[in-house]
1. In the stretch 431-447, is there at least one residue being touching a Leu at 6+ places or on another chain (Cβ under 6 Å), open to solvent by less than 20 Å² (accessible area, probe 1.4 Å) and closer than 26 Å to residue 219 by Cα?
2. State which residue is farthest from residue 274 (Cα to Cα) when the search covers only the stretch 336-364 and only residues that are among the aromatic types (Phe, Trp, Tyr) and open to solvent by 60 Å² or more (accessible area, probe 1.4 Å).
3. Are any of the residues in the stretch 449-460 of a type outside the set (Asp, Glu), under 30 Å from residue 31 (Cβ atoms), open to solvent by less than 90 Å² (accessible area, probe 1.4 Å) and part of a helix (DSSP H, G or I)?
4. Give me the pairs: first residue in the stretch 493-514 and touching a residue at least 24 places away in the same chain (Cβ under 8 Å) and under 11 Å from residue 482 (Cβ atoms), second residue hydroxyl-bearing (Ser, Thr, Tyr) and surrounded by fewer than 20 Cβ atoms within 10 Å (Cβ to Cβ), beta-carbon distance under 7 Å, and six or more apart or on different chains, which are they?
5. Go through the stretch 285-309 residue by residue and tally those that are open to solvent by 100 Å² or more (accessible area, probe 1.4 Å), assigned to a helix (DSSP H, G or I) and within 15 Å of residue 429 (Cβ to Cβ).
6. Please name all residue pairs, on different chains or six or more residues apart, with Cβ atoms under 6 Å, provided the first residue is in the stretch 467-482 and is not assigned by the TED database to the domain that holds residue 113 and the second residue is of a type in the set (Phe, Trp, Tyr) and crowded, with 17+ Cβ neighbours inside 10 Å.
7. Could you count how many residues in the stretch 224-274 are touching a residue at least 40 places away in the same chain (Cβ under 8 Å), open to solvent by 70 Å² or more (accessible area, probe 1.4 Å) and not in a helix (DSSP H, G or I)?
Amino acid sequence: MVMKIFFPQCCNLADSGLLVGRWISGHDSAVVLAVIHYPFIPGQVKEYIQQVSAATGPTLWVLLGLNECSVLLYFILSVLSRNFKDSSNHFNGFNEEKVIFVHYEQRKVMLSQLHPIENGDPDPATGEPSELRQMFQTVACSQPLFFLDKYDDGPLKSTHWQSQGREASIIVELLKQSSTPLCLLITWLLSIWTWICNMRFFSLYPLRFLSSKLSTCVQLSYRTEHMRTLSSPKTAVGHMHFMRKASIFVSFLVDVALGMLLMSWLYRDNHITMLANTLVPAADHVAKNLEELLQWLMGAPAGLKMNRALDQVLGRFFLYHIHLWISYIHLMSPFIEGILWYGGLSACFGLTFALSLLSDMVALFTFHIYCFYVYGARLYCLKIYGLSSLWRLFRGKKWNVLRQRVDSCSYDLDQLFIGTLLFTILLFLLPTTALYYLVFTLLRLVVVLFQGILHLSVDFINSFPLFAVGLRIFRPYRLAEGVKFRVLSQEPGTALHLMMEMNPLKVSTVVQTYRTPTYSCYPKDSWVALMKKLFVGELIYPWRHKSTKTD
């Protein structure tokens, strides 16, 4: 029979007394939490143990009363010496039993969280939590015992890990008391904001559609949920809930701090006026380059012979849109500085709001490129699906809309003749349309790529678990993946002494475990699906949309 005693390292130099701890049934193990020194009154010890057990949850015992193991009885009746090697000599007369002392640091075990987190679920193999997990839970639930101040005078004198720094505890309590009215104020403001958002005017289809597609509105709803979580008066239930609230709070502070830095740069040295004066010439330069590109396409691009009539129609159509866009930009130029000035104020809510607003502004100023892409994609898609349908006609097939499959079909001579004419016309017009589609798709992909970088930056700030990563770097024992043992003493005829140390969680595992879920509405298509959409001419949006394509 092998018995393990988890012994706190701070009690190695304790005076004589009784051990207070818990017996882990089914594992022949005991967890020692403290030493109560002589002299004491048994009634006071009993009352003290009952108070601590009521506050901590798991039942604590004076290990003197255990009947599971006579070795423990002899050991507890013995006097703890100032050296754990001397204390192990008391077990020399018990050859039928082997005792293993596992020394641990109470503070690290109490503050650490053992991974993977089981949330109290038993081990499916044994039907109960593992021995190590029960040991961690016992030490973690005994905080009222550990946080007794060692300078307080009481009827009992004990040795265990004790927190030092009463001033810090007082500051924490004051912050807790002051956070209550602040949470009530935030909750009241959130209720007003929710009432405004639920008004019938904002539930109309155009406003509801725009709010679901604009990055600023999505980020605003995301931060509203964050503030609702932080201002909740309920305490965190479980380790994951606490880590999520802490990560949200830290990311919010970092986001606001970065936003304030951006505001200080924008409103210093008249940077907003410089940006406004640069924006209109930049838009004119882009429009001029587009005109030159269209003039090149209307000629003989790269020596290709295009359909002259269709080429001229498409080129003039796009040139007309560019002239409309230039007129719109020059009409809005007196208001651009004011828009940038008031838009820069959004950075006080955080850098994510400024980046989301920048993404919406990029979408607004490149709306003509989006229109060109939609026109070219629709024409190209129409011809691709028309050619595929006519190709099935030549093979005696047709698309069954009801059954969503290709069935056999017989066509007469007139249908085949008309199909041949349409197939020939679409086939010879396809290169001209495909060239315009290719050029404007590449321009659209450049804009989408820039917006994607902004969206990824916003998602990174929102979801990155900065608090958990900080714990992993500065307090690696707080997030433990397991434990490792180091031999302290191994002499013949004496008990084996081991030192238990924390195995910190990997940084990649910390990020994956504690990453805050985002309310991202962006599509997650594979590269194969994306290339297929580009080949057949389906529209590529930076958001999720319903696209049930039927032939």
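1. Scanning the stretch 431-447, I find no residue that is touching a Leu at 6+ places or on another chain (Cβ under 6 Å), open to solvent by less than 20 Å² (accessible area, probe 1.4 Å) and closer than 26 Å to residue 219 by Cα, so the answer is no.
2. Residue satisfying both the conditions and the ranking: 349.
3. Looking through the stretch 449-460, none of the residues is of a type outside the set (Asp, Glu), under 30 Å from residue 31 (Cβ atoms), open to solvent by less than 90 Å² (accessible area, probe 1.4 Å) and part of a helix (DSSP H, G or I).
4. Short answer, once both residue conditions are applied: 502/477; 504/477.
5. At the first step, the residues of the stretch 285-309 found to be open to solvent by 100 Å² or more (accessible area, probe 1.4 Å) are 285, 288, 292, 295-296, 305, 308.
Filter again for assigned to a helix (DSSP H, G or I), leaving 285, 288, 292, 295-296, 308.
Now narrow it down to the ones that are within 15 Å of residue 429 (Cβ to Cβ): 308.
Number of matching residues: 1.
6. 468/514
7. So the answer is 2.
Residue-wise test of (1) of a type in the set (Ser, Thr, Tyr); (2) under 27 Å from residue 509 (Cβ atoms); (3) open to solvent by 40 Å² or more (accessible area, probe 1.4 Å); (4) modelled with pLDDT of 80 or more.
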site: 54; (1), (2), (3), (4): no, no, yes, no
site: 58; (1), (2), (3), (4): no, no, no, no
site: 67; (1), (2), (3), (4): no, no, yes, no
site: 81; (1), (2), (3), (4): yes, no, no, no
site: 84; (1), (2), (3), (4): no, no, yes, no
site: 102; (1), (2), (3), (4): no, yes, no, yes
site: 116; (1), (2), (3), (4): no, yes, yes, yes
site: 121; (1), (2), (3), (4): no, yes, yes, no
site: 131; (1), (2), (3), (4): no, yes, no, yes
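The values are calculated or read from the model by the stated rules, or taken from the named source; none is laboratory data. Computed from a prediction, not measured in an experiment: that's the story for all the values here. All Cβ positions, glycine included, derive from the backbone under ideal geometry; neighbour counts span all protein chains shown. These area figures cover heavy atoms from the full protein model, side chains too; ligands, DNA and RNA do not enter into them. Shrake-Rupley method; radii C 1.70, N 1.55, O 1.52, S 1.80 Å.
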